[in-house]
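The values are calculated or read from the model by the stated rules, or taken from the named source; none is laboratory data. Since this is a predicted model, take the numbers as computed values, not measurements. Note that we place each Cβ from the backbone using ideal geometry, even for glycine, and neighbour counts take in every protein chain shown. We work out accessible area using only protein heavy atoms, side chains counted, and drop any ligands, DNA or RNA first. Shrake-Rupley method; radii C 1.70, N 1.55, O 1.52, S 1.80 Å.
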Amino acid sequence: MRIENRLIGFIAVIQSILFLTHFLFYQTWTFSGVGNHRGERLWIKLLLGLLSVSFVTASLLAFRYTNAAVRMFYRLAAVWVGLVSFLFLATVSAWTILGVARLAGLYVPFHQIVAALYGAAAIAGLYGVFNASRTRITRTTVRLANLPAAWRGRTAALISDVHLGHVRNGGFLRRLVAKILKEEPDLIFIAGDLFDGTAIDERRAAQPLTELTAPHGVYFVAGNHEQFGDDSRYLEAVAATGVRVLNNEKVEADGLQIIGVPYRHATHDGHLASVLHRIGVDRNRASILLTHAPDRPEIAEAAGVSLQLSGHTHLGQFAPWTWMAKRIYRQFVYGLSRIGKMQVFTSSGAGTWGPPLRLGSNPEIVLLEFQ
């Protein structure tokens, strides 16, 4: 009951924010001199009212149904809520320009400014949709102390945050698999959030992973979207493809230690430290920790881990969330960084969550070369 009340409260807060944001759009557009006719204002109110509830409604449906109509509705609503972020920035900019101009005693054509900024916001949003569909290969070299000689020059592929669901599906995953196999990596890591957590035929969606092979294995850890509730159906779907699901354990890959800790067991300092202590990391040999989020790298570093591989941040996907992600995760928000003796690589992810937009971040497959 407590969880349900918190969920209802969260939905109410999100919907209230969307109502207020769309009301701001209405006030801005009509203040600019457009839609002064009573009939026009009524249609604008109706349209913005429907749009303001579209994403929450689509999301609630998406958690229960998988049919084509719901998928299409969710995709359109998700694109719109992404555009809302850009339109909000445009709205704030328009009012700022008007306020500064009036303080300076200057006249500005507010309608033309609003129209231009809203047009720019729409173009930015549409480019973000296009950019989110273009998966790149990001290459980086990682130098690890005590790396086994056999691993020098070998490569590992890393993907995270695919978010299979109503926007991305098995076809998207199949294209990712083809791109990865073309690179012929020696090792492959999937750092969580393979699934979005919405209603889906998880076994059918994960089926392309049966083609994903590497000489030294393919490894997966669960992310927060697999662990909203019971994660067993997702883990079973992944395991059925032949991918090794790591659950608080360590495996050996030709002398290289590979440790996997799912999201749920890495969210508290004490719990993560306890898990790593129980697993037993050999500090005198190179090791890789696969865990979904770069939340507590200092705990992994203290345990003697050489390299942590994560995702989760999406690098914010698009403004203004890119700025917020950087504020939260600092140097660990994206790319290769260091804390003490340990390195951390955080991927921006291959898919998207919520709005299928990326601006200021790119979807990627990471190819790591060990030295």
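Key figures for this structure:
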read-out	value
Candidates 270, 316, 242, filtered to the one that is in contact (Cβ under 8 Å) with a residue 40 or more places away in the chain and among the small types (Gly, Ala, Ser)	316
Residue in the stretch 206-224 that is nearest to residue 154 (Cα to Cα), counting only those that are open to solvent by 10 Å² or more (accessible area, probe 1.4 Å) and not in a loop (DSSP other than H, G, I, E, B)	218
Residues satisfying the stated conditions in the stretch 70-108, i.e. open to solvent by 60 Å² or more (accessible area, probe 1.4 Å), free of Cβ contacts under 8 Å to residues at least 12 places away in the same chain and either under 20 Å from residue 355 (Cβ atoms) or not in a helix (DSSP H, G or I) (or both)	72, 92, 104, 105, 106, 107
Residue among 305, 261, 251 that alone is modelled with pLDDT of 95 or more and more than 26 Å from the chain's Cα centre (by Cα)	251
Failed item, numbered, when residue 65 is tested on (1) over 17 Å from residue 352 (Cα atoms); (2) modelled with pLDDT of 95 or more; (3) not hydrophobic (A, V, I, L, M, F, W, C)	(2)
Unique match (being surrounded by 22 or more Cβ atoms within 10 Å (Cβ to Cβ) and not hydroxyl-bearing (Ser, Thr, Tyr)) among 335, 311, 304	311
Qualifying positions in the stretch 130-149 - open to solvent by 50 Å² or more (accessible area, probe 1.4 Å) and of a type in the set (A, V, I, L, M, F, W, C)	130, 137, 145, 149
Strands (runs of 3 or more DSSP E) completely within the stretch 253-314 that count 1 or more residues being among the small types (Gly, Ala, Ser) and within 19 Å of residue 227 (Cα to Cα)	256-261, 307-310
So residue 227, is it open to solvent by less than 60 Å² (accessible area, probe 1.4 Å) and modelled with pLDDT under 95	yes
Condition met for residue 323 (open to solvent by 10 Å² or more (accessible area, probe 1.4 Å), part of a helix (DSSP H, G or I) and within 23 Å of residue 133 (Cα to Cα))	yes
Residue in the stretch 168-176 that is open to solvent by less than 20 Å² (accessible area, probe 1.4 Å), modelled with pLDDT of 95 or more and in a loop (DSSP other than H, G, I, E, B) present	no
